[in-house]
Amino acid sequence: MDLTQGTQQEKQARSKKMMLWFGIGSLIMSFAGLTSAFIVSRKREDWLNDFELPSAFYISLIVILLSSIALILAKRALKIKNRQQATVWLLLGFGLGLFFVVNQFTGFGQIIEQGYNFTGPTSNVTMSFIYLIAMVHIGHVIAGLICLLVVIYNHFKQKYNANNMLGFELAVNFWHFVDLLWLGLFLFLYFFRYII
């Protein structure tokens, strides 16, 4: 398909989607750098080979997956013109996103209870990496929550419908990305213990 073809609105929609994918690509590269540093650092003498992920991280994984499902259902409801159902699913997805962030901080508390702080004499490079990876991810989840707030606001203003969902789709696609990113990071951290 020729990207220069179509109406001005179609061209703008394509360019916005392309910008989202470029942004996602750069975020993937950033997290690839963090996980690569994690892998390289395992050769350090003070590396923990038997670290345990906090139980709150397991709950977070389920919560963020459920939030993505809620947003998929919100999109379906909007496509069939069921605005009330779309509202319920949007608010549920947003609420689950907030719960994810709160739960991540609960996980940090559990790491501290294990005796590891982010920095200082009670820190450990392994756990500091886990803190850092999770905190950077939380930053992107917060960006996603802001996007969802904009979507919810626009939804109440009745901006979206089955034929006009660009902003909705962009925000939801970014949310699905941070969802899948946490799934990938969680699996990486969980299984990394067994492959070193």
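Please find, among Phe108, Phe118, Phe156, the residue that is surrounded by 13 or more Cβ atoms within 10 Å (Cβ to Cβ), over 24 Å from Ile62 (Cβ atoms), aromatic (Phe, Trp, Tyr) and over 15 Å from the mean Cα position of the chain (by Cα). Step through it out loud before you land on a result.
Numbers: Phe108 fails: over 24 Å from Ile62 (Cβ atoms); Phe156 fails: surrounded by 13 or more Cβ atoms within 10 Å (Cβ to Cβ).
Being surrounded by 13 or more Cβ atoms within 10 Å (Cβ to Cβ), over 24 Å from Ile62 (Cβ atoms), aromatic (Phe, Trp, Tyr) and over 15 Å from the mean Cα position of the chain (by Cα) holds for just one of Phe108, Phe118, Phe156, which is Phe118.
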The number of residues in the stretch 5-22 that are without any contact (Cβ under 8 Å) to a residue 12 or more places away in the chain, surrounded by 13 or more Cβ atoms within 10 Å (Cβ to Cβ) and assigned to a helix (DSSP H, G or I) is 2
Return yes or no: is Glu45 of a type in the set (D, E, K, R), outside any helix (DSSP H, G or I) and either out of contact with any strand residue (DSSP E or B) (no Cβ under 8 Å at 6 or more places or on another chain) or exposed (fewer than 14 other Cβ atoms within 10 Å of the Cβ) (or both)?
yes
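Quick one: which of Gln114, Gln110, Gln84, Gln104 is free of Cβ contacts under 8 Å to residues at least 12 places away in the same chain and either among the basic types (Lys, Arg) or in contact with a helix residue (DSSP H, G or I) (Cβ under 9 Å, 6 or more places away or on another chain) (or both)? Spell out how you get there, then give the answer.
Details: Gln114 fails: free of Cβ contacts under 8 Å to residues at least 12 places away in the same chain; Gln110 fails: free of Cβ contacts under 8 Å to residues at least 12 places away in the same chain; Gln104 fails: free of Cβ contacts under 8 Å to residues at least 12 places away in the same chain.
One residue alone meets the criteria, Gln84.
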Item to check | Gly33 free of Cβ contacts under 8 Å to residues at least 24 places away in the same chain and over 30 Å from Ile152 (Cα atoms) | outcome: yes
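This table checks each residue for (1) without any contact (Cβ under 8 Å) to a residue 60 or more places away in the chain; (2) in contact with a Pro (Cβ under 6 Å, 6 or more places away or on another chain); (3) under 26 Å from Val40 (Cα atoms).
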| residue | (1), (2), (3) |
| --- | --- |
| Gly97 | no, no, no |
| Thr122 | yes, no, yes |
| Ile142 | yes, no, no |
| Leu166 | no, no, no |
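Filter the stretch 157-172 down to the residues that are of a type outside the set (Ser, Thr, Tyr), in contact with a helix residue (DSSP H, G or I) (Cβ under 8 Å, 6 or more places away or on another chain) and over 16 Å from Leu65 (Cβ atoms) and list them by number. Reasoning before the result, please.
Quick first cut of the stretch 157-172, residues of a type outside the set (Ser, Thr, Tyr) only: 157-159, 161-172.
Next cut, in contact with a helix residue (DSSP H, G or I) (Cβ under 8 Å, 6 or more places away or on another chain) only: 158-159, 161-162, 165-172.
Once the filter is applied, which keeps residues that are of a type outside the set (Ser, Thr, Tyr), in contact with a helix residue (DSSP H, G or I) (Cβ under 8 Å, 6 or more places away or on another chain) and over 16 Å from Leu65 (Cβ atoms), the stretch 157-172 yields Gln158, Lys159, Asn161, Ala162, Met165, Leu166, Gly167, Phe168, Glu169, Leu170, Ala171.
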All-but-one check, Lys75 against (1) without any contact (Cβ under 8 Å) to a residue 24 or more places away in the chain; (2) surrounded by 14 or more Cβ atoms within 10 Å (Cβ to Cβ); (3) charged (D, E, K, R), failing number (1)
When the stretch 129-153 is checked residue by residue, the ones that are surrounded by fewer than 17 Cβ atoms within 10 Å (Cβ to Cβ) and more than 30 Å from Asn82 (Cβ to Cβ) are Leu132, Met135, Val136, Gly139
Among Phe99, Phe108, Phe118, Phe94, the single one that is among the aromatic types (Phe, Trp, Tyr) and either at pLDDT below 90 or in contact with a Lys or Arg (Cβ under 7 Å, 6 or more places away or on another chain) (or both) is Phe118
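Quick test for you: out of Leu34, Leu61, Leu96, Leu53, pick the one residue that is aliphatic (A, V, I, L, M) and closer than 18 Å to Phe174 by Cβ. It would help to see each step written out before you state the result.
Working: Leu34 fails: closer than 18 Å to Phe174 by Cβ; Leu61 fails: closer than 18 Å to Phe174 by Cβ; Leu53 fails: closer than 18 Å to Phe174 by Cβ.
Answer to the selection: Leu96.
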If we keep only residues of the stretch 67-81 that are of a type outside the set (A, V, I, L, M) and in contact with a helix residue (DSSP H, G or I) (Cβ under 7 Å, 6 or more places away or on another chain), then the residue farthest from Met135 (Cα to Cα) is Lys75
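The values are calculated or read from the model by the stated rules, or taken from the named source; none is laboratory data. All figures in this text were calculated on a predicted structure; none of them were measured in a lab. Cβ: placed from backbone, ideal geometry, glycine included. Neighbour counts: every protein chain shown.
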